[in-house]
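A short worksheet on the structure shown next.
Laboratory data are not the source of any read-out in this text; all were calculated from the coordinates shown. Source: prediction; values computed, not measured. For neighbour counting, all protein chains shown are included, and Cβ atoms are generated from backbone atoms with ideal geometry for every residue, glycine included.
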Amino acid sequence: MYTVGLQSAADAFLLSSLTVQVVLALFILFALLVFGHGSSKDDLSAHAPVYLPGSHLLAIAPFFRRRFDFLNEGFRKTGEKLFQFNMLRETVIVVSGESARKAFFANRAFDLTEGFKVLSGAIPMVKGVTSELHTRRIALIHKRLVSLQKNDHLRQLIVPILEDCHRVMDTWGSSGTFDPFEKIYELVFQTTVRSLASQEIADDPALVARLKSLYDILDHGTTPTTVLLPWLPFPSMLRKLLATKEVYDIISRAIDIRLKSGKPQDDTLQMLVDAQDERLVIVGFIMGLLVAGARATGTTASWLITFLGNNLEWKDKAICEIEGLMSTYCLEAAPRASLSSNLASVPLEAWEAETPVLDALIHETLRIAQPHTAMRRNLGPDTVIDTKTIPSGAYIVYPFSDVHLNPELYPDPWKFDPNRKEANTPFGYVGWGGGKTICLGQRLARMELKLITSMMLLRFRYSIVDAKGAQPDLLPRPNWNDILLCRPDKDIYYLAYDKTEVSL
Ligand code: HEM
């Protein structure tokens with residue numbers, strides 16, 4: 001399936017000496033900077049969005065490295081609500097404001113997959129693996145995701161997710177400190193693998209750790225060159241290709257084992273195998289949704305737990321709510337039952353409909369700590385936003401900060417305040433997307449977030465401390481330039497914890 005030639009080229013390149021790699025990479029980069037700058041024929045028509053001054057290759061590198069600053073600078077420098085820049089031969093138009101938001105989320109010709117594929121570049125296009133994931137297959141993957149979140153299947157996941165939390169939290173010991181953006185993310189990765197892949201993979205901690213490190217390569221290896229020039233053999237691109245291949249192999253092996261064993265299991269892989277989907281759909285489902293799911297859920301869980309660390313009022317409210325659920329639904333629980341089995345007695349319906357406090361916490365966390373920039377491609381025809389032409393084929397990006405950090409819509413926007421009401425304006429809150437693009441994994445993500453937060457709050461007393469172990473002077477503030485975890489920029493924070501008595 002995988003292109004053998006590409007594989008050996010990648011291997012050879014990665015094994016060659018660092019000097020050769022660096023010289024080759026520098027040579028290519030030099031050639032590109034000198035000869036390969038983007039099309040500069042600025043469209044001067046009054047209907048074209050204004051050009052960002054100096055939009056050559058080097059100037060747009062911060063789009064990948066410090067996106068929040070780059071986009072804000074663009075609005076500041078141009079003084080406009082829409083502006084454009086070139087990415088090599090492609091036109092990218094950044095939009096903001098109420099009417100742009102409405103047009104962005106409603107226009108059926110604005111395609112998410114095309115926009116994301118080119119501008120994000122987390123998973124490289126590998127012939128026979130990711131390149132074949134066309135619209136038809138993506139639609140089938142989405143259909144399977146809907147089946148995965150039907151009541152029966154979601155209900156089945158509650159116990160294994162709680163058991164994963166129990167097992168991983170055991171490894172933390174009875175007290176200590178850790179970086180929430182590492183450990184909570186690790187835990188979410190485990191529960192997401194549990195939810196989306198197979199029991200065999202999820203039960204093997206070494207394999208889950210390996211998968212996580214491969215996804216880290218895919219995420220962190222996204223550089224301007226891997227996105228703009230994916231065909232260039234830069235070390236980062238080759239590492240990404242090898243990582244993609246290894247993820248593919250791990251999932252493919254799990255499929256083979258399941259098919260050969262003939263023993264059905266209660267997991268997502270079984271659902272996909274039973275549906276008799278082709279291998280590419282099964283691999284695409286697990287591989288692609290792990291990217292979509294683990295990062296977003298991991299970032300949200302890390303921040304939610306961090307925000308609660310020093311917010312006693314909301315921490316108490318959440319603990320009260322969870323204890324209330326347990327006392328309603330665990331009437332027959334054995335006195336020495338574990339926390340995870342007590343939480344497992346709370347039915348799915350109650351997790352979904354009787355948790356206003358957890359819902360408010362998730363809602364506010366997504367407003368303030370989800371540094372998403374939505375990306376689309378206009379599949380045509382040309383269209384108009386705010387009197388400016390958006391040509392067919394152009395890429396359009398909409399930063400969520402335009403609405404979620406807008407002080408006119410959310411006063412004192414950096415303040416974590418779960419009491420806030422949603423801004424009363426079209427698409428005033430897009431935490432789970434908007435219009436024709438709503439998160440398709442929302443039900444699963446919300447359930448994971450609630451189960452993990454509940455385990456954390458009831459199992460540990462914890463607070464957020466600074467590098468010296470003291471109460472921090474300033475509370476952690478999400479850094480939107482870190483598009484993966486939104487992790488604070490300069491200050492380092494830790495979570496200091498010790499076990500409670502209910503932590504069996
Ligand atoms: C807290 C966790 C999550 C958050 C905050 C989140 C948020 C979002 C948002 C904002 C979008 C729209 C993106 C855009 O308009 O550019 C989206 C789309 C999507 N999400 Fe999530 N997501 C989460 C978890 C998940 C999980 C766990 C899965 C899968 C298992 C998933 C699957 C998807 C898919 C497939 C789409 C694309 C929908 C489409 O093409 O119409 N998400 N998500």
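Observations on the model:
- Among residues other than residue 167 with Cβ under 14 Å from its Cβ, the summed charge is -3 (Lys and Arg +1, Asp and Glu -1).
- Amide H contacts under 5 Å for residue 372, placed H, 5+ residues apart: 400
- For residue 460, the residues whose amide H sits under 5 Å from its own are 500, ignoring neighbours fewer than 5 places away on the same chain, with H placed 1.01 Å from N.
- Estimated FRET transfer efficiency when R0 is 60 angstrom, pair residue 47-residue 150 (beta carbons, to 0.05): 0.80
- Once the Cβ-Cβ distance of residue 112 and residue 159 is raised to the sixth power relative to R0 = 45 Å, the FRET efficiency obtained is 0.85.
- Region 256-270 - phi-based ³J(HN,Hα) in whole Hz, Karplus 6.51/-1.76/1.60, Gly and Pro as x: 4, 4, 5, 5, 5, 5, x, 9, x, 10, 8, 8, 5, 4, 4
- Taking 0.36 nm per residue of separation and subtracting the current Cα-Cα distance, fully stretching the chain between residue 279 and residue 379 would add 33.1 nm.
- Extension reserve of the residue 210-residue 143 stretch, reckoned as 0.36 nm per residue once the Cα distance is removed: 21.3 nm
- Region 379-391 - phi-based ³J(HN,Hα) in whole Hz, Karplus 6.51/-1.76/1.60, Gly and Pro as x: 7, x, x, 3, 9, 10, 10, 6, 6, 9, 7, 10, x
- Taking other C-beta atoms within 10 Å as the exposure proxy, 172, 314 rank 172, 314 from fewest upward.
- Neighbour-count ranking [beta-carbon atoms within 10 angstrom, fewest first] of 436, 421, 499: 421, 436, 499
- Kirkwood-Stokes translational diffusion coefficient of region 246-336, alpha-carbon pairs, 4 °C, 1.567 mPa s, µm²/s: 76
- Phi to ³J(HN,Hα) by Karplus 6.51 cos²θ - 1.76 cosθ + 1.60 over region 90-97, Hz, x for Gly, Pro: 8, 9, 10, 10, 9, 10, 7, x
- Fraction of the pair-distance distribution of region 319-465 above 26 Å, Cα-Cα pairs, percent: 43
- Cα→Cβ-extended label distance, 7 Å offset, between residue 319 and residue 73, nm: 4.5
- Burial ordering of 291, 397, fewest other beta-carbon atoms within 10 Å first: 291, 397
- Subtracting the Cα-Cα distance of residue 491 and residue 99 from 0.36 nm times their residue separation leaves 137.4 nm of extension gain.
- Estimated distance in nm for a label pair at residue 182 and residue 58, the labels positioned 7 Å out from Cα along Cα-to-Cβ: 3.5
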